[in-house]
Amino acid sequence: MQKLAIQGGVRLNGEVRISGAKNAALPIMCASLLSADDLHLSNLPDMHDVETMAQLLRQMGVQVTAVVQGATFNAARVDKLEAPYDMVKTMRAAILVLGPLLARFGEARVSLPGGCAIGSRPVDLHIRGLQAMGAEIHIEHGYIHATAKRLRGARICFDVVSVTGTENLMMAATLADGVTTLENAAREPEVVDLANCLIAMGANISGAGSDTISIRGVASLHGANHRVMPDRIESGTFLVAAAATGGCITLSETRADILDAVLDKLREAGARIVVADNHITLDMHRRPTAVNLRTAPYPAFPTDMQAQFMALNTIAEGSAMVVETIFENRFMHVQELRRLGAQIAIEGNTAIVKGCPLLEGATIMATDLRASACLVIAGLVAQGETIVDRIYHLDRGYEHIEAKLSALGAQIRRIK
Ligand code: UD1
């Protein structure tokens, strides 16, 4: 199993290019199933989840030309309407093939995802929404088996805001008969990026980015070219890493307009931030001030940035409360941070972090994707050497993270 060895205490300095967004790339790759024509995607990030999704699509019969940076997907000859357990268990986003397969081919068999490190993460909203659109759904041997001659438009109100739930139903509705209205829909920028790609393919969608999305079904979709949006979570992760180390970095090829909640918290922590075009510069001259956080659906503070800010709070001045409202078990990084000397108490879905002047390097273990990013940030500030074990989680969703951090001056190397 691969590990990262980090010598802490170096301030990050320099410029880093932000990659395409994982959480936009994955649903958009699934959108290729909706058409028999070529879908050309650029700015695809080079990471394991994108490779896994490409592999899943290939298994179904989709022709995928290349996966690094950009690729062409052609779903003219799909012959297997199934996402097997092996794929779905390693990457929950595989559930996103359900809506497109059902809408275009009238059938899909997708493994139930089961539990994961950050909580139970059910898919009942995806299933209920497709049923409202006329699908027959049976759960058999751990698989969702869905059939429908042709889906029909429906009014669907989510009782919990779900990002992939919104995306799955939006894709399904593009080929349904009539109008589908999604209420209490996710407003995440990745939903908007998917909608833009679908519109380029000929879909009739309005309201993406608001909590009510309306989709008028069309008979078929055609090919398109689409550039995947920048990754706001990767952007936030590098900014927090720079702030925690007292550094000064510039992100290029990113977008500040989708990072408001994160930039506000970094300013509150004491960082100076300058935004220009698609660049963000962060300069941190002093020890950070602890910042309270409460995760919530976009545009509020993202759960995918909670762990990284926890690392920042561990070495900040003062104490902070971190409330996680999206996932019930998303504090797995806390025990590992404590091994570095962090002072954190947990009470239900709230962590109380008392900032301390320094952390001490130790061996720690990554438990999920964003927890891994948190541990890397902690390693960058800790005195001495930190070994982060099980970094396959990190490789799922960050493109060349140690190369990018090294270029900013970090002392970090991969141990194979
Ligand atoms: C997506 C993101 C993930 C992010 C999360 C929340 C992708 C590929 N992943 O995950 O990085 O952390 O949004 O911003 O985009 N829920 C239900 N029933 C459902 C679906 C969800 O109860 O059918 C609950 C979940 O348990 C959770 C909440 O809704 O408590 C939000 O989850 P959701 O937005 O669906 O997360 P994902 O789309 O899986």
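The values are calculated or read from the model by the stated rules, or taken from the named source; none is laboratory data. All values reported here derive from a predicted model rather than from experimental measurement. Note that we place each Cβ from the backbone using ideal geometry, even for glycine, and neighbour counts take in every protein chain shown. Calculation scope for accessible area: heavy atoms of the full protein, side chains included, ligands and nucleic acids excluded. Shrake-Rupley method; radii C 1.70, N 1.55, O 1.52, S 1.80 Å.
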What pairs from Lys3/Lys80; Lys265/Lys404; Lys354/Lys416; Lys80/Lys404; Lys80/Lys416 go past 32 Å between their alpha carbons? Lys3/Lys80; Lys354/Lys416; Lys80/Lys404; Lys80/Lys416
Okay, helix-only estimate at 222 nm for the chain: each DSSP H run of n ≥ 4 adds -39500 (n - 2.57), divide by all residues, round to 500 deg cm²/dmol; what do you get? -9500 deg cm²/dmol
Among the Cα-Cα pairs of the chain, the proportion with separation greater than 29 Å, in percent, is 43
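Based on the Cβ-Cβ distance of His285 and Asp260, what FRET efficiency does E = 1/(1 + (r/R0)^6) give at R0 = 25 Å, to the nearest 0.05?
0.65
Do any chymotrypsin sites (Phe, Trp or Tyr not before Pro) in region 315-400 lie in a DSSP loop with no more than 16 other beta carbon atoms within 10 Å, and if so, which?
none
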Dipole of region 241-287 (Lys/Arg Cβ +1, Asp/Glu Cβ -1, origin at the Cα centre): which of Thr245, Ile258, Ile273 lies farthest to the positive side? Thr245
Determine the equivalent ellipsoid of region 308-416 by diagonalising the alpha-carbon gyration tensor, then write out the semi-axes as square roots of 5 times the eigenvalues, largest first, rounded to whole Å. 22, 17, 11
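Over all pairs of distinct alpha carbons, what does the Kirkwood formula give as the hydrodynamic radius of region 364-416, in Å?
By the Kirkwood definition, the hydrodynamic radius is 11.2 Å.
Multiplying the sequence separation of Glu360 and Lys89 by 0.36 nm and subtracting their Cα-Cα distance, what value in nm do you get? Intermediate values should be presented prior to the final figure.
Details: separation 271, 0.36 × 271 = 97.56 nm, distance 3.46 nm.
Length difference between fully extended and current span is 94.1 nm.
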So, over other residues within a Cβ distance under 11 Å of Pro113, counting Lys, Arg +1 and Asp, Glu -1, the net charge is +3
Rounded to a whole number, what % of the accessible area of region 175-314 do carbon and sulfur atoms account for, probe 1.4 Å? 46
To the nearest 20 debye, region 244-290 has a Cα-centred charge dipole, built from +1 on Lys and Arg Cβ and -1 on Asp and Glu Cβ, of 300
In region 83-182, which trypsin sites (Lys or Arg not before Pro) fall in coil by DSSP and have 15 or fewer other Cβ atoms within 10 Å? Lys149, Arg150
Residue-normalised value, i.e. accessible area per residue, for the chain at 1.4 Å probe, in Å², stands at 38
Quick check: pseudo-label points 7 Å beyond the Cα along Cα→Cβ at Glu268 and Met1, how many nm apart are they? 3.5
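Mind checking the full-extension length gain between Asn204 and Arg390? Use 0.36 nm per residue of separation minus the Cα-Cα distance, one decimal, nm.
Working: separation 186, 0.36 × 186 = 66.96 nm, distance 4.33 nm.
Length gained, Asn204 through Arg390: 62.6 nm.
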Dipole of the chain, Cα-centred, from +1 at each Lys and Arg C-beta and -1 at each Asp and Glu C-beta, to the nearest 20 debye? 320
